[in-house]
Each structure stands twice: as C-alpha cells, then as structure tokens.
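Here's the structure, in structure tokens; my notes come after.
Quick note: the coordinates plus some simple rules give every number you see, no bench work behind them. Nothing here was measured: the structure is a model prediction, and the numbers come from that model. Glycine gets a Cβ as well: all are built from the backbone with ideal geometry, and neighbour counts include every protein chain shown.
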C-alpha cells in the first residue's frame with residue numbers, strides 16, 4: 001500500500017512532533033479509506049449470485065425413472081429445482097431405496113434414497129427408513145431448510161447436508177451451531193475444505209450437468225461470473 005503525497009507549508013508546524021502527528025493522522029485516514037474500498041469490493045464479490053439452478057422437470061434421464069414423479073412432486077413441494085434434486089439423490093443413493101450409508105467409524109447411520117440419518121427419523125416422520133416417499137419427502141424438506149439457512153446458496157446447502165450444518169458454521173464463522181447460520185452471509189469460502197465434502201459437491205454438479213447440458217464446476221468465482229454473464233445477456 002503506497003502512502004499519500006502530502007503538501008504543507010514550512011510555517012504550518014512548530015515542531016517535528018507536530019509534523020509527525022500530522023503525517024501519522026494523514027496516513028491513518030488514507031489507510032482507512034483503502035480498507036473501506038477493499039471491504040466494499042470484497043462485499044460485492046461475496047454477494048455475487050452463486051450457483052442457482054432453474055429447470056422445470058426431471059425426466060428420469062439419470063436413471064431413477066421409477067422415482068421420476070416422486071422426485072418432481074417433492075422438489076416442487078419444497079421449492080427445489082427438480083433436476084437438481086434428482087442430481088442430489090443420484091449422488092446420495094444412486095436411486096437405490098435400500099441404500100445404507102456408514103459413518104466414519106463404519107457403523108450404519110443413514111438410509112434410503114435421500115440417506116436420512118436415523119437421528120432425523122422422528123422429526124421428519126420416518127417410520128419406514130426404506131420407503132421411497134418418506135425418504136424423498138424428508139430429503140427435500142431437509143435440503144430446503146439448509147438452503148434457507150444458506151441464503152439460497154445451493155453449494156453451501158449441499159455442504160451442510162453432507163458434512164453437517166455445525167461443521168459448515170465452524171468453518172465459516174468459528175461457531176459450532178447446528179441450527180442456524182450465525183451471520184447469514186454468503187462467502188466464496190462457504191464450505192469446509194473436507195475432501196469428502198468437496199468431492200461430493202463436484203459429483204452432484206456433474207450429475208446436474210448431465211441432466212441439463214450445463215458446465216458448472218465447483219469454483220465459486222467462476223460460477224458467480226458465469227451466472228452473472230447469463231443474467232446480463234437476458235437484459
């Protein structure tokens with residue numbers, strides 16, 4: 001950071017101390033202005049639109065043709081893009097209603113099409129962990145809740161579904177909060193840098209690209225620019 005060029009009269013200061021104070025104050029004012037400019041630029045970058053899928057219907061073309069109607073039904077009920085919801089389910093279970101997931105210790109922990117954790121069974125009305133309707137409805141509801149906590153940021157919501165909201169908030173804000181978004185702020189560093197989570201996000205985006213002919217990648221700045229250019233072209 002360069003310093004401002006300051007001009008003053010010789011008689012303006014009675015001592016070197018006065019000159020030092022003037023120089024110090026001027027430098028501080030200049031630095032504050034620069035910090036303000038940098039902060040504003042960063043805010044613009046962080047508030048740029050992120051990955052925001054918009055499509056009308058899932059046609060079963062990823063596989064999962066048996067669940068096409070159910071995927072469309074629950075995606076629309078909870079305000080999700082049906083193709084994105086299908087891409088998400090494909091990664092969770094490969095459309096296998098009997099899929100069983102394991103935790104880090106190798107113990108069974110999540111079940112069904114949307115891989116609902118057994119700790120969520122009661123809250124989301126799961127009485128049959130392998131029932132397609134119950135699993136898809138719960139998965140759509142949980143993801144829509146994470147999407148709201150993420151201010152509409154699909155990527156952060158995916159990370160929360162995969163790694164847990166508490167881990168996302170701990171990474172973002174240094175606060176382990178499983179239920180809220182402490183500052184309700186978008187960030188290009190909006191997901192924990194866990195290999196399993198970043199790989200998960202990349203695979204969901206790959207699935208979505210297959211369905212829609214898009215070319216989204218898991219890179220926040222590139223996605224923001226791509227969406228912005230697309231929106232600008234519509235104007």
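Descriptive notes on the structure:
- Sequence ranges 148-157, 127-136, ranked by mean other-Cβ count within 10 angstrom, highest first: 148-157, 127-136
- Sequence-distant contacts, meaning Cα pairs under 8 Å at least 6 residues apart, place the relative contact order of the stretch 93-149 at 26 percent.
- Estimated distance in nm for a label pair at residue 76 and residue 105, the labels positioned 7 Å out from Cα along Cα-to-Cβ: 4.3 nm
- Gain on full stretching of the segment that runs from residue 59 to residue 121 - 0.36 nm per residue minus C-alpha separation: 19.4 nm
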